[in-house]
Structure formats: C-alpha cells, structure tokens
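Have a look at the structure below, then the notes.
The values are calculated or read from the model by the stated rules, or taken from the named source; none is laboratory data. What you are looking at is a predicted structure, and each value in this text was computed from that prediction instead of being measured. Because the Cβ atoms are built from the backbone with ideal geometry, glycine has one as well, and the counts that use them run over all protein chains shown. Surface areas here come from the heavy atoms of the whole protein model, side chains and all, with no ligands, DNA or RNA. Shrake-Rupley method; radii C 1.70, N 1.55, O 1.52, S 1.80 Å.
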Amino acid sequence: MPQLSKRHDILVISLGLTTLYFLWVSLFADHYVLRTFGSNIFSIISIVVAFLWLVPSIKLTTSDRALWCWLLFGTGSILIAEIIWFTYESIFKINVPYPGLHDVFYLLQLFGYLMAVGYKVVHPDRKYSLIKFLLDLSMIMVVLISLAWYFLIEPLVFDGEIRLFEIIVSVIYPVGDVLLLFGLLMIYYVSSYLHLNKALRLLLIGVAIQIIADVSYLYMMIHYSYDSGSWIDPLFSLAVMLIAGSFYYRDDVYTRATDTYRKKRIRHYILPYVNVFLLLILLVIDERKDTVLLMGAMVTFILVVARQIFVILENHYLVQAYEKKTIDLAISEQRYKSLFHYHPDAVFSIDSEGYFTSVNDVTCQWFKRSKEELIGTYSLVVLKNSDRDQLIADKLKLYQGETKRYQCQLESAADHRIIQLTVIPILVEEIFTGMFGIGKDITAEIKEQKQVKKLAYYDSLTGLKNRSAFHYDLNHGLLNHRERPFYIGFLDLDNFKAINDTLGHHIGDRLLIDIAQRLKLTIKSYDQDAVIARLGGDEFTFIVHASSEDVMQQLAQQLVNVVETPVIIKETTVFTSPSIGISHYPTNGDTLEELIQQADKAMYHVKSSSKCGYKFAKDLSVNNTLKINEKHPVYNRC
C-alpha cells in the first residue's frame, strides 16, 4: 500500500502542478511580468520536485542504478538551466540570449537522458552492441538532420531571416528528443517481455510530451512567436516530472512472451533502415538536387555498410560464444552427472511441490525401489511425521534460498536408518523451483555416540548410571528444580568384601547385578523419574521425589527387605543386607556437597552400629538407628 500511495501521489502532484501552471499563464496572459515570473517559478518548483524524486537512485544497489543516476544528472542540468533563465528574465529583467549559457545545460539534460537510455539498450555481454546502437542513432540523426535541412534550415538561411547557428541549436533539441524516443523504442523492441512495466511506459509518455514541446518551441522560434510563459512551458515541466516519477514504477512484474519478443526484435532491426529508405525516396524525387541531401544519403549509406559489418562481426562472436557455452554446458553436465550418480551418499532432486524428479543409485538402495518407481513419488512420505513437520515448518526459509540440515529417520527403513539430510534450494531468477537433497547414513555414527555416552555415564556391570551421571543429575535438580524437595539415599551392602573374598569375584558381580535390578524396580515403583546409580564397588545411591517422610520411610524399609532377600547364584544362596543413609533437600543442605556428605554420614552411622537398616540425616543427633536387624550369615550352600 505505501508503494501504491507513493505512485498515486506522484501522478497527482505532476498533473496538479501542470494544471496550476496552465492556469497561471492563462490568467496572466496579458500581464507580461507576472506571467513570466510565475512561469519561471512553476518551472523551477516542478523540476526541483522531479530532482528530489530521483535522489534516492544514488543509494540503489541494483543493476539499473546507472540508468536512474543519468536521469538524475539530466534533471539536475535542466534545473540549472531554468535557474539561469530565471536570473536573466526575472532578476536582471533582460532578454534571455539565444543561444546562451542555459542552452548548454539544456543540452546536458538531453545528453544525460540519452546516456540513461543507451545504458539500458547496450547489452553488457555483447561487445558490439554499443557500436550498433551508436550506428543506429547516427543513421537516424543523419536522416533527421538532412530532412530538417531540406525542409527548414535551407529555406530560412537563404532567405536571411535567421542565423544558421540559431537554427542549428533549435534543431538539436527535437533531433535529440527523437533519438531519445528511438532509444526507448529499442528498449521496447529488444525487451523479452510482452507487457512493459509502467516505468518504461511513463518514460515514453514523458519523452513524447517533451518532443511535442521541443517541436513547438522550434516552430515558434523560427516564426518569432515564442514568448516566455507560453502554453508550451508547462509541457516541459510535465515531461520532466513524468520521467522522474517513473523511478517509482520500476519494480513492476513482467510477463514473458517469446513470439511477441521475436516480432519486436524484427521491428527493431528494420527501424533504422526505414528512415534510410525515406531519405532515398526524398533524394529520388528531389527537384532541387540538394547537395546536403545527397551528402546525407551518402553518409547514411556508409553507416549502413558499417552497421552490417559489425552485425557480421557480432554474429561471428555470438557463434563462438554459443559454441564455447555448448562445450562448457556439456562439461558441466558430465560433472553434474558424475557428482550425482557416483556420489557415495543418497542424492536426489525434488520439484517445488515436493515430488522426486531424479534420484541416484544409493537412494534407490535405501528404499529398495527402482528410479522409475521413486520419480514422481511424494518425497516427504519417506520421513517420520516429526521430521516431516520440521521440513514443512522451514518451507519459507527454503523458499528464500536458505540451506538447511536435519537429522531424520526414514519411515520406510526396516532397520531404522538415521540420516543427516542436507536440503539445498534451487532458485532460478530468484524464484524457488525445487530442492537438491543429500542424505548421509549416520546410523552407525549415532550408535557409536550412544555407546560412548553409555560408557561415559553408565556402569558397565549393572547398567545403572555411574558416579558422573549421578553428580550431573543432582546438580541439574539443584539448579532447575529448587522449588521441588527430594531425598538422596546412600546404600552400602553389608559384608560384601567377605562374599567377594570367600566365593570369588564372579559371584560378587552376579550379586551386584541382581541387587541393582531389585533396587531399580523398587525405587521406580515409587518414583518413575528417580535416579539410581552405582558409585563403585558395593555402593549405590538414588535420588527420589517422595511426597512425605512417611513415604520415604516406607521406601527405605522396602529396600531393606528386598536387599536382605537371599540371592541364589549357581546353587549358592548368598545373604547380604543394606546400610542406608538418607538426606533431604532442602532440610539437610542446599548444595551438592552438603547433601552427599549428610547422606554418607547417615549411612556410615548405620554401618557402624549394627548394619541392615536405614537412617535419616536429621536423626543423627538422636542416639538411635532405625530398623537395625541382627546380622545374617554371609552365605549358605544349598
């Protein structure tokens, strides 16, 4: 909406200032001083507005920056010319000399406009396009000058009514405008689009209005009927504003039409020759046998020959460039095929709708399907739902050209294959047309990572968490769940050393495995989120979120019961019992060290008393140990 509003304002301001300009010169048609003063002020205001509209072009970073900067240069030049005219006419109150200094800047305006159009016409990749453009301009210019000489200049010069220099300067303006119009028409003809954008249309309208004003100015100057504040002056201002205002229409979208484009290119090629043909017809029917007309025809013929030479050279250059690009394309295609088909990972491409358009052999092996079966299949169905949703969520980023990486699991993989998927958008002229995908099988790597993690954080004998994992979980609970109380228990098996020494380490290990499973089942029945770990040897620990101390006492008693239940290992009945110390957060401390120290102290109190029992750290000051049982025999052979 802001862009549309800006465009609407430009047209309203342009037409509004022009209307006020016409009203002023009409109302004060009989008052020379007011008419000329108001005319000069309106001209300056209009051109200042146009100049300000084009100033943002300096900050452009797009390829058409030079075009708009040259138009800015031309607008600045005509502004200087108008100020000079105003100085002569309204400040010094003297007749404006003709030709004069202001004509230099008017011509610079024309030069800036021509450079802008020439920049747009000349193809940067064709080294002969500039020469062809200049030759086309030269042919048209020679034809126009010859016609102007024949019909306007020669009769007036021989009649002695006006100086030759004045006529030449006057003729330059419309001739330059026609060249400018020709350049814009060339942009139209060589354009590969059916509908021109509004910027070019507005430029054409502005130039057409300027041609009308310049031709009218030339006619009035020749017949001594021009006076400052004439009806043609507002047309000059309107033309400049429309040309400058086209800057804000430059982003319109084009619609391609190849057939129309070819027809327009044919018109573009024959347009200069049409002008030459008209000049030759005039030369044939000329009864005056004008020498200048003949010289113009000769120069035009030379230019036509020169143009044809450069056309041949350009065609030769284009053929060479085409052959080179064909070879480069073939090499590039072979490289692409090699990279695509012989890549050790799965490589595929999908269209903008998400369907496979090509796959390599590795992709086919993954899905156990042929290329013909996979191509045309919707790509996302091969992924798990969660991974599929992630890709869909990132759709906008992919449309904008951002490469994304994912770790996915294939839905159709019987062996639960895990892949690292790299998705690369395909943008053609900044339009999203599809994606390339590269999938690397990382199943083995993930398994290795899990194994390493297991070795680092889990006890290899019992499968419980180890000391490092226990400390990490305890720290995590203290940092992130300070508002939630919990209990820490330290459990040590009684007489385990004697079991190991008497029955052997293999029996001791089997006992630890059995006790670990009992502890896990019992504690998890109270708290599914509980942490159970083996610190080393016969020392176990746990973190439990119990709702009350009574619940914790029940759990502690049950742990005593399950541990002192005999274990039968290879026809040997092994007896042991636990010594358990329990601390509470935050009652017994709010740091890792304090809680562990309190639980450890309570456990050793039980162990040093009579073993087989549990004690809370808060009861250490009381000289009693809870649930202390008599010692059991170490083992009993069946």
> What full-extension length gain, to one decimal in nm, is calculated for TYR342 and TYR472 as 0.36 nm per residue of separation minus the Cα-Cα distance?
Replying inline: 42.2 nm
> Counting only heavy atoms of protein chains, what accessible area per residue, in Å², does segment 458-620 have with a probe of 1.4 Å?
Replying inline: 43 Å²
> What net charge is computed for the residues neighbouring SER468, neighbours being all others with C-beta under 13 Å from the C-beta of SER468, Lys and Arg scored +1, Asp and Glu -1?
Replying inline: +3
> Within the accessible area of segment 398-453, what % is carbon and sulfur when the probe is 1.4 Å and the other protein chains stay in place?
Replying inline: 51 percent
> Which residues' amide hydrogens lie under 5 Å from the amide hydrogen of LYS384, considering only partners 5 or more residues apart or on another chain, with H built in the peptide plane?
Replying inline: GLN409, GLU411
> Where only protein heavy atoms count, and the probe is 1.4 Å, what is the accessible area per residue for segment 343-446 in Å²?
Replying inline: 56 Å²
>> Under 5 Å between amide hydrogens, which residues at least 5 positions from LEU535 or on another chain qualify, with H placed 1.01 Å from N in the peptide plane?
In response: PHE540, THR541
> So how much slack lies between GLU539 and SER358, counting 0.36 nm per residue of separation and subtracting their Cα-Cα distance, in nm?
Replying inline: 59.2 nm
>> Please report the carbon-and-sulfur percent of the accessible area for segment 458-620; probe 1.4 Å, protein heavy atoms only, DNA, RNA and ligands left out.
In response: 49 percent
> Looking at this model, which pairs from LYS524/LYS607; LYS524/LYS618; LYS337/LYS453; LYS497/LYS524; LYS368/LYS465; LYS465/LYS618 are more than 31 angstrom apart at the alpha-carbon?
Replying inline: LYS337/LYS453; LYS368/LYS465
> What are the extents of the Cα atoms of segment 343-446 along their three principal axes, listed from largest to smallest and rounded to whole Å?
Replying inline: 40, 29, 24
